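We did not get these values from a lab; they are worked out from the coordinates using the rules stated. Remember, it's a predicted structure, so these values are computed and weren't measured experimentally. Cβ atoms come from the backbone with ideal geometry, glycine included; neighbour counts cover every protein chain shown.
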Amino acid sequence: MFPSYEEFQIRADDIRAQIVVACARARRDPAEVALLAVTKTHPAAAADYAARYGLPAVGENRVQEAIDKQPLCTAKIQWELIGHLQSNKAKLATAHFDRIQSVDSAKLLTLLDRAAADLGKTLRVLLQINAGHDPAKFGADPADAPRLLETALACPHLRIDGFMTIAPLGATPAETAALAARTFENLRAIRDDLAAKSGAPLRELSMGMSGDLEAAILAGSTQVRIGTALYGAR
Ligand SMILES: *Cc1c(COP(=O)(O)O)cnc(C)c1O
């Protein structure tokens with residue numbers, strides 16, 4: 001059931017506390033880890049809750065769902081696309097999102113750059129990398145990341161903030177945890193390597209969800225994307 005604001009507040013406080021504990025273990029400053037409220041499938045009020053709590057942004061999976069909710073959301077908040085983006089929606093997505101995290105092909109980069117130019121804006125993006133080599137997941141192959149970044153950095157209307165990944169599921173909880181840790185370490189290594197080679201800061205590492213937040217923070221996550229733990233099951 002969709003929670004009351006008071007219930008949401010308790011859950012968000014709990015997530016913030018988990019972030020603080022994980023940061024202490026990682027010897028990191030909790031201010032370096034943002035909480036993205038994933039509002040997909042939930043009513044527009046979910047975004048209002050996030051804004052009222054003071055969160056800077058919400059994440060949505062589908063372009064049309066976000067467009068439907070945005071006029072109903074009274075509070076000011078940033079909208080980020082975290083789900084797969086089809087080429088034919090690139091222009092619409094550029095107009096309606098503050099950042100797109102799911103950019104995984106040169107073709108998409110070209111379309112987004114052109115759309116941003118047409119709209120007279122600079123679009124912030126993350127490159128989604130399939131750092132866990134999961135055949136069921138979108139995201140560019142890690143081997144293609146250097147070329148994808150090169151293309152991205154040559155797009156004058158895009159600002160490349162960093163990378164995003166989703167960890168694969170294992171057959172058991174222990175296997176899932178091990179895969180998550182490996183996936184996040186891998187993305188961190190890819191980022192460190194490409195930032196050193198390109199000279200671009202690529203600061204953002206969007207990784208970690210309700211079930212694997214701590215492993216993500218230990219590996220260097222700067223943004224965890226949390227849905228279920230804030231709003232309940234979908
Ligand atoms: C749905 C979703 C999330 C949130 O997952 P929860 O397990 O509900 O916290 C995070 N990232 C992406 C890309 C998602 O699609």
Legend entry - Ranking of Leu158, Leu92 by count of other Cβ atoms within 10 Å, fewest first: Leu92, Leu158
Inset, instruction - Lys and Arg at +1, Asp and Glu at -1: add these up for the other residues within a Cβ distance under 14 Å of Lys40 and post the number. - result: 0
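Could you sort out which of Lys76/Lys197; Lys76/Lys137; Lys107/Lys197 sit more than 26 Å apart by Cα distance in this structure? Write out the running numbers ahead of the final one.
Values: Lys76/Lys197 37 Å; Lys76/Lys137 31 Å; Lys107/Lys197 23 Å.
From Lys76/Lys197; Lys76/Lys137; Lys107/Lys197, over 26 Å: Lys76/Lys197; Lys76/Lys137.
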Inset, instruction - Could you check which residue among Leu35, Leu111, Leu149 shows the biggest mean-square fluctuation in a GNM of the chain with a 10 Å Cα cutoff? - result: Leu111
Legend entry - Student exercise, the range 55-118 dipole from Lys, Arg, Asp, Glu Cβ charges, in Debye to nearest 20: 80 debye
Inset, instruction - With runs of 4+ DSSP H residues as the only contributors, calculate the mean residue ellipticity of the chain at 222 nm using -39,500 (n - 2.57) per run, divided by the residue total and rounded to the nearest 500. - result: -13500 deg cm²/dmol
Legend entry - Extension reserve of the Ala75-Val21 stretch, reckoned as 0.36 nm per residue once the Cα distance is removed: 16.5 nm
Inset, instruction - Calculate the dipole size of the chain relative to its Cα centre from +1 charges on Lys and Arg beta carbons and -1 charges on Asp and Glu beta carbons; express the result in debye to the nearest 20. - result: 380 debye
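Of Tyr231, Tyr5, how do they rank once you tally other Cβ atoms within 10 Å and put the fewest first? Write out the running numbers ahead of the final one.
Numbers: Tyr231 25, Tyr5 12.
With the sparsest Cβ surroundings first, the list reads Tyr5, Tyr231.
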Legend entry - Dipole of the chain, positive direction: furthest Cα of Pro43, His157, Ala216, with charges on the beta-carbon: His157
Inset, instruction - Quick one, can you get me the convex hull of the C-alpha atoms of the chain expressed as volume per residue in Å³? - result: 121 Å³
Legend entry - Charge context of Trp79, other residues only, Cβ under 10 angstrom, K/R +1, D/E -1: -1
Inset, instruction - Return His42, His133, His157 ranked ascending by Cβ neighbour count within 10 Å, so the fewest neighbours appear first. - result: His133, His157, His42
Inset, instruction - Excluding Arg28 itself, calculate the net charge of residues whose Cβ lies under 13 Å from the Cβ of Arg28, where each Lys or Arg counts +1 and each Asp or Glu counts -1. - result: 0
Inset, instruction - Using 0.36 nm per residue of separation minus the Cα-Cα distance, give me the extension gain between Arg147 and Ala117 in nm, one decimal. - result: 8.6 nm
Inset, instruction - Take peptides 136-143, 22-29, 61-68 and line them up by average Cβ neighbours within 10 Å, highest first, as a rough protection proxy. - result: 61-68, 136-143, 22-29
